[in-house]
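Before any comments, here is the structure.
The values are calculated or read from the model by the stated rules, or taken from the named source; none is laboratory data. Please read these numbers as outputs of a predicted model, since none were measured by experiment. Counting neighbours? That spans all protein chains shown, and the Cβs are built from the backbone with ideal geometry, glycine included. Please note that ligands, DNA and RNA were not included when accessible areas were found on the heavy atoms of the full protein model with its side chains. Shrake-Rupley method; radii C 1.70, N 1.55, O 1.52, S 1.80 Å.
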Amino acid sequence: MLELGTIGAAIGAGLAAIGAGIGIGKIGSSAMEAIGRQPEATDKIRTNMIIIAALIEGVALFAVVICFLAL
């Protein structure tokens, strides 16, 4: 039988992954809309999008590590 801590860590890791996916999806959607409105700013928008996506991935990875350390 699984311990309650193991289930909690698994749920926490799953929520962190879902949150990161939603965040990156919103970033991609907003960036594509911005590029559609102002095509001449594509390079600047893309650069900012990649930086913010990397920051979100870093936070999600940190959350998953903390969940596994809680075991």
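A Cβ distance below 7 Å, combined with a sequence gap of six or more or placement on separate chains, defines the contacts here; from segment 6-26, residues that are open to solvent by 30 Å² or more (accessible area, probe 1.4 Å) reach residues that are of a type in the set (Gly, Ala, Ser) and in a helix (DSSP H, G or I) in the pairs Ala17/Ala60; Gly19/Ala60; Ile24/Ala53. Condition (residue is among the charged types (D, E, K, R), touching a helix residue (DSSP H, G or I) at 6+ places or on another chain (Cβ under 8 Å) and within 24 Å of Leu71 (Cα to Cα)) applied to segment 37-58: is it met by at least one residue? Yes, segment 37-58 has at least one match. When restricted to residues that are under 14 Å from Lys26 (Cβ atoms) and either open to solvent by 90 Å² or more (accessible area, probe 1.4 Å) or in contact with a Phe, Trp or Tyr (Cβ under 8 Å, 6 or more places away or on another chain) (or both), segment 40-56 contains 1. Restricting attention to segment 36-66, the residues being assigned to a helix (DSSP H, G or I) and either more than 16 Å from the chain's Cα centre (by Cα) or at positive phi (or both) number 11. Selection of segment 7-36 for residues being hydrophobic (A, V, I, L, M, F, W, C) and under 21 Å from Phe68 (Cβ atoms) yields Ile7, Ala9, Ala10, Ile11, Ala13, Leu15, Ala16, Ala17, Ile18, Ala20.
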